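These notes are about the structure you will find just below.
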Amino acid sequence: MDHDQPTVLLPGDVRMPLLGFGTWQATGQAGYDAVLAALDAGYRHIDTATMYGNEEEVGRAVKESGLRREDVFVTTKLPPERVGRERETIEASLRALGLEYVDLWLIHWPPSAPSDSIPMWRELLAARDENLTRAVGVSNYSTAQMDELIQATEENPAVNQIRWGPSLYDRQRHAEHRDRGIVLEGYSPFKTTDLSDPVLVRIAAAHDVSPAQVVLRWHIDHEIVVIPKSVTPDRIRANADVWDFSLTAEEMRDIDALGG
Ligand SMILES: NC(=O)c1ccc[n+]([C@@H]2O[C@H](COP(=O)([O-])OP(=O)(O)OC[C@H]3O[C@@H](n4cnc5c(N)ncnc54)[C@H](OP(=O)(O)O)[C@@H]3O)[C@@H](O)[C@H]2O)c1
């Protein structure tokens, strides 16, 4: 992939590539190999989390890739049960990753005690202000839960990472993110999709690509960040090879309609 990656702009002039690489369940040597293969295939955005237990492998692959730090966007996530220990958790992430900062730090899911959410959000903002992360956001938050953070702090999450795919397409929910300047980042694009759906198969055939590539391109054309995971070299490469076609407005509508 030798052209510039399409990005979305986060507050603070942070450019986030629309295509990222998921690493959940990619651990140990397989995780390291997958991330190195992904960077070689052209991904410039890697998604990890404290909970994934692979930050060390991700960090080593980023380093070994020979890419410049500023050319790779790295996300990690805070498990909400670490409330009160946020600072030590990001410091542990940075140590494991071997990085001085991450690009995006997310609250992995809403804390079980709702009253923990605002103090935790303030800790993320503090970490950003100290340059431990360039941007901060949330994951698995409803719009109402994000609005509580915004009302309390006047700071919007830069991103909400949620389960997303054609079968979950929800125009209203996407608009609620856009209206607040929050980037929607989708996860589990394949696990949420029937890749043998006739609509996807027809559109894929029309462009001589696979249904999986159509699903990824559909996210990108909606300006929704997408982070497919694979530990299979061919799939890692194919999932990054989505730049030589684009979907027509009618095809986009047909895929949107899979969301019922
Ligand atoms: N914030 C959250 O709570 C949360 C939750 C879930 C996921 N995530 C993030 O989102 C990333 C992606 O989601 P995910 O890992 O749940 O699922 P996914 O990316 O939708 O699917 C991964 C599965 O699809 C397979 N696959 C990959 N490329 C394929 C292709 N071209 N054709 C057919 N199958 C393909 C993979 O197999 P192989 O690996 O065997 O090739 C793997 O079994 C995660 O890795 C993680 O970084 C975040």
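The values are calculated or read from the model by the stated rules, or taken from the named source; none is laboratory data. Predicted, not measured: the structure shown is a model, and the values here were computed from it. Here Cβ is always computed from backbone atoms with ideal geometry, including for glycine, and neighbour counts include all displayed protein chains.
Summary table
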{"quantity": "Selection count where residues are outside any loop (DSSP other than H, G, I, E, B), under 24 Å from Q161 (Cα atoms) and away from the ligand (no atom under 16 Å from the Cβ), scope the stretch 217-253", "calculated": "3"}
{"quantity": "R178 vs. criteria of a type outside the set (S, T, N, Q), in contact with a Phe, Trp or Tyr (Cβ under 7 Å, 6 or more places away or on another chain), surrounded by fewer than 16 Cβ atoms within 10 Å (Cβ to Cβ) and modelled with pLDDT of 95 or more", "calculated": "no"}
{"quantity": "Matching entry among L149, L200, L184 (being of a type outside the set (D, E, K, R), under 29 Å from S93 (Cα atoms) and part of a helix (DSSP H, G or I))", "calculated": "L149"}
{"quantity": "Any chance D4 is free of Cβ contacts under 8 Å to residues at least 12 places away in the same chain, more than 24 Å from P157 (Cα to Cα) and away from the ligand (no atom under 16 Å from the Cβ)", "calculated": "yes"}
{"quantity": "Conditions (1) modelled with pLDDT of 95 or more; (2) under 18 Å from the mean Cα position of the chain (by Cα): number failed by Q5", "calculated": "(1)"}
{"quantity": "Odd one out for T23 among (1) over 21 Å from G165 (Cβ atoms); (2) out of contact with any Leu (no Cβ under 6 Å at 6 or more places or on another chain); (3) in contact (Cβ under 8 Å) with a residue 40 or more places away in the chain", "calculated": "(1)"}
{"quantity": "Test for E130: is it more than 15 Å from the ligand (Cβ to nearest atom), buried (at least 16 other Cβ atoms within 10 Å of the Cβ) and not hydrophobic (A, V, I, L, M, F, W, C)", "calculated": "no"}
{"quantity": "Subset of the stretch 159-181 [over 26 Å from R128 (Cβ atoms), touching an Asp or Glu at 6+ places or on another chain (Cβ under 9 Å), more than 13 Å from the ligand (Cβ to nearest atom) and in a helix (DSSP H, G or I)]", "calculated": "R171"}
{"quantity": "Set I107, I46, I90, I118: member being among the hydrophobic types (A, V, I, L, M, F, W, C) and surrounded by fewer than 20 Cβ atoms within 10 Å (Cβ to Cβ)", "calculated": "I118"}
{"quantity": "Condition met for V209 (in a loop (DSSP other than H, G, I, E, B), more than 18 Å from D47 (Cβ to Cβ) and within 11 Å of the ligand (Cβ to nearest atom))", "calculated": "yes"}
{"quantity": "Meets criteria (away from the ligand (no atom under 15 Å from the Cβ), in contact (Cβ under 8 Å) with a residue 40 or more places away in the chain and over 23 Å from D103 (Cα atoms)) for D197", "calculated": "no"}
{"quantity": "Residue match in the stretch 79-95 (condition: at pLDDT 95 or above, in contact with a strand residue (DSSP E or B) (Cβ under 6 Å, 6 or more places away or on another chain), more than 26 Å from R237 (Cβ to Cβ) and hydroxyl-bearing (S, T, Y))", "calculated": "yes"}
{"quantity": "The stretch 185-194, subset of a type outside the set (K, R) and surrounded by fewer than 20 Cβ atoms within 10 Å (Cβ to Cβ), residue farthest from the ligand (Cβ to nearest atom)", "calculated": "D194"}
{"quantity": "Selection status of T76, within 16 Å of the ligand (Cβ to nearest atom), in contact (Cβ under 8 Å) with a residue 12 or more places away in the chain, of a type in the set (S, T, Y) and touching a strand residue (DSSP E or B) at 6+ places or on another chain (Cβ under 9 Å)", "calculated": "yes"}
